[in-house]
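Have a look at the structure below, then the notes.
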Amino acid sequence: MNEANIAGALQRVRSVLQRRPDAADHVDDPVRACWKGGMHVVSHGERGFQVATDMPRELGGGGVEITPGSLLRAGLAACLATRIAMEAAERGVALARLEVIATSRSDVRGLLAMPAVDGAPVPPEPRDFELQVSIAAAGVDPSQLEEMVRACQRSSPVAAALRHPATLRIEASGS
């Protein structure tokens, strides 16, 4: 889809939501993760996608598929890149390059429920997330592109979820 088509689609959605703001709040498509043995898990979405994950060999996995943590970073980077592409299309900016690299730090002891040397719990979550954006558009001042990136990161849903964690409810049922 080219920039004009994207901008047109976004304008149509904005128009509908201005008339019917209640249509904006919806339940996101569920994703089902199915264990396939070992550390291999395959997640399926209702729209037909499939993503396989695995763990590194050092943690008992096969080391072939993306790890769940890498998938989180991929989602973070892809969400911001998508939001920037949307904004660029609406502003009439023809992007020549857009790349987002997401990094974070993790302590494996948290994943393994191991305490720190002092006995304190080690948090399992990744921390110190960083997004590095490389962007270019012919005839557009780099400072304008940087401003657009900053504006987009504020409305990138995955980045917002990391900044403002939502409630997580877990229901377990055994059979």
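The values are calculated or read from the model by the stated rules, or taken from the named source; none is laboratory data. Keep in mind that what you see is a predicted model, and the values were worked out from it rather than measured. Glycine also receives a Cβ, built like all others from the backbone with ideal geometry; neighbour counts cover every protein chain displayed.
Of everything in segment 82-105 that is of a type in the set (S, T, N, Q) and surrounded by 15 or more Cβ atoms within 10 Å (Cβ to Cβ), the residue that is nearest to residue 131 (Cα to Cα) is 104. What is the number of the single condition among (1) in contact with an Asp or Glu (Cβ under 9 Å, 6 or more places away or on another chain); (2) modelled with pLDDT of 95 or more; (3) basic (Lys, Arg) that residue 20 does not meet? Failed condition: (1). Counting only strands (runs of 3 or more DSSP E) that fall entirely inside segment 1-109 and contain at least 1 residues that are touching a residue at least 12 places away in the same chain (Cβ under 8 Å), over 28 Å from residue 151 (Cα atoms) and not aromatic (Phe, Trp, Tyr), the qualifying elements are 31-35, 41-45, 50-53. Please verify whether residue 52 is in contact with an Asp or Glu (Cβ under 9 Å, 6 or more places away or on another chain) and more than 23 Å from residue 109 (Cα to Cα), treating the condition exactly as stated. Yes, satisfied. Considered as a group, the residues in segment 142-171 that are modelled with pLDDT of 95 or more and part of a loop (DSSP other than H, G, I, E, B) include one that is nearest to residue 83 (Cα to Cα), and that residue is 156. Applying the criterion of being among the β-branched types (Val, Ile, Thr) and more than 23 Å from residue 93 (Cα to Cα) to the residues of segment 131-175, the residue that is surrounded by the most Cβ atoms within 10 Å (Cβ to Cβ) is 158.
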